[in-house]
Amino acid sequence: MITFEEAYTIMMESVFHTGKEQVPFREASGRVLAAPVRSDMDMPPWDKSAVDGFACHRDDLGSDLTVLETVPAGVMPSMKVTPGTCSRIMTGAAIPEGADYVFMLEESEESEVGRVRFTGKAGRTNIARRAEDLYQGQTVLKPGHFISPQHIAVMAMAGATEVTVSKRPMVGIISTGNELVEPGEIPSGAQIRNSNGWQLLAQVERAGATGRYYGIARDDIESTSRLLQAALTDNDVVLLSGGVSAGDFDLVPQVIKEAGLKVHFSQVAMQPGKPLTFCTGDRKAVFGLPGNPVSVFVQFEIMVRPFLNKMAGVTEKEPEIMMPLATDYSRPRADRRAYIPVIMTDRFEAMPVEYHGSAHISSFAGAWGIITIPKGQSWIQKGEPVSVRQI
Ligand code: AMP
Ligand code: MG
């Protein structure tokens, strides 16, 4: 059995990258940016008014001024502001030549028709300088992160209507187990419903990858290897659940070896999810995940998702939120790194929820996050900061 850190390093060093593709920027949300985005213009493109008001010379702030024209956003000023004059200007409009100050409408008074006076106290110019936000040719977005709505705004502003993103990793999903029936069926006798396959599909999709479900492999070599071969042909990564422990019908390790894959590890000191098997082939990776739904959930979040992210070129670190623990915590053994479901209290503390072990997925359904308890640590005092991962 190897430690989580060793397993994580081995796994991350085996990553191969998906290629790149161009997409229209409006389809880029949730994808991973794979090439820098540069601005094709200055922003603002000219000195711009930040307020509705009057553009004048700063030296004229004490005087009555003649209003030359009104400059709305979208129209260039036609007149030069000279001593004793000003132009009425709207937010976002270009500053007229000769003006170096804009006083706000709210701080003005019409002394007579066509004449205006500043009634406030002189301070900021209320002028946004040309190119103060971006300059032409500037890299406005660097590659290596998921694209969020604010990135779409920057792309729009920069005129980047086509952007380069990483291809989505393709992930095949196989459930194993003679006891499994699909969720639409009524289990009879010794049967239970397949929850792992569908959970994994949702996790894969949430991770920005493309998931394909291959169904339930029966606990025999033929059925398992037929589905594995099909999934390996069409995908970069294959996720199997179940069949990796020491039971008589746990045939996944044998099937993986017969497929000619290289097994890097088959046991990790993690709880839940000790019997995690990780293998690679030529630009292929296979994860043999444990059978219990909580193990599947946690192993995906902790191991598979970072792997898929790195495949797609994500360079950002996995976020870690530190929160105080809402209560004392202890465990009888500390030989593995543990993950415990928690809710966030209204004082922003992490409170463990009732949790009976790795089959208890309904406990995770009510959780806000999972906390990490490092190997070797059996006791945490209330109020101590713990690392939380939102789920
Ligand atoms: P296994 O590792 O195959 O022995 O499975 C461990 C436990 O997880 C057993 O109780 C299985 O019934 C259960 N299990 C395995 N696969 C699934 C699945 N796809 N959905 C729900 N439970 C499963
Ligand atoms: Mg099984």
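A few comments on the model shown:
- Thr233, sole failed condition from (1) touching a residue at least 24 places away in the same chain (Cβ under 8 Å); (2) open to solvent by 80 Å² or more (accessible area, probe 1.4 Å): (1)
- If you go through region 245-268 and keep only what is touching a residue at least 60 places away in the same chain (Cβ under 8 Å), more than 15 Å from ligand 2 (Cβ to nearest atom) and part of a loop (DSSP other than H, G, I, E, B), you end up with just Gln267.
- Checklist (1) more than 13 Å from ligand 1 (Cβ to nearest atom); (2) closer than 19 Å to Ile174 by Cα; (3) surrounded by fewer than 23 Cβ atoms within 10 Å (Cβ to Cβ) applied to Val298, failing item: (3)
- Among (1) under 24 Å from Phe364 (Cβ atoms); (2) within 16 Å of ligand 1 (Cβ to nearest atom); (3) open to solvent by less than 10 Å² (accessible area, probe 1.4 Å); (4) not charged (D, E, K, R) - the single one Leu201 does not satisfy: (3)
- Given (1) under 27 Å from Met1 (Cα atoms); (2) surrounded by fewer than 17 Cβ atoms within 10 Å (Cβ to Cβ), index of the condition Phe348 fails: (1)
- For region 367-391, a residue qualifies if it is part of a strand (DSSP E or B) and either open to solvent by 50 Å² or more (accessible area, probe 1.4 Å) or charged (D, E, K, R) (or both), and the qualifying residues are Trp379, Pro385, Arg389, Gln390.
- Which numbered condition Ser111 misses (of (1) open to solvent by 40 Å² or more (accessible area, probe 1.4 Å); (2) at pLDDT 95 or above): (2)
- Going through (1) assigned to a strand (DSSP E or B); (2) within 13 Å of ligand 1 (Cβ to nearest atom); (3) of a type in the set (Gly, Ala, Ser) one by one, Ala285 falls short only on (2).
- Gly313 vs. criteria modelled with pLDDT of 95 or more, part of a loop (DSSP other than H, G, I, E, B) and under 21 Å from the mean Cα position of the chain (by Cα): yes
The values are calculated or read from the model by the stated rules, or taken from the named source; none is laboratory data. What you are looking at is a predicted structure, and each value in this text was computed from that prediction instead of being measured. Positions of Cβ are generated from backbone atoms using ideal geometry, with glycine treated the same way; all protein chains shown enter the neighbour counts. These accessible areas exclude ligands, DNA and RNA; they are computed on the full protein's heavy atoms, side chains included. Shrake-Rupley method; radii C 1.70, N 1.55, O 1.52, S 1.80 Å.
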